């Protein structure tokens, strides 16, 4: 079941969101824009976690046959 969150924005942030959701871009309404930002943040966090894990492995002398591209590809385990 979908959940909702109420967010208060400054006037400048509110105008920015409205500009980004004026119908000419990828997002028709503010909630689509916010959901897309959250999805991108989740993907970024996942990629950064994988990079940190790879750096820790490298520092510990554990090496991998994977390239940096393998770590940057979503769902690459």
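Bear in mind that the values in this text are calculations on the coordinates, not laboratory data. This is a predicted model, so every value here is computed, not measured. As a convention, Cβ positions derive from the backbone with ideal geometry for all residues, glycine included, and neighbour counts pool all protein chains shown.
Mind checking the angle between helix 11-20 and the chain's longest principal axis? C-alpha axes, 0 to 90 degrees, to the nearest 10. Relative to the chain, helix 11-20 is tipped by roughly 80 degrees. Of all the options 12, 47, 28, the one that moves most in a Gaussian network model of the chain with Cα springs shorter than 10 angstrom is 12. For the chain, the longest principal axis of the C-alpha atoms and the axis of helix 30-59 are separated by about 10°.
Here residue 1 and residue 26 are evaluated by their C-beta separation; at R0 = 25 Å the FRET efficiency comes out at 0.45.
Legend: P(r) of the chain from all alpha carbon pair distances, 5 Å bins from 0, whole percents, reading 3, 13, 16, 16, 12, 10, 11, 9, 7, 4, 0.
Computed from the C-beta positions of residue 11 and residue 42 and an R0 of 25 Å, the FRET efficiency is 0.35 to the nearest 0.05.
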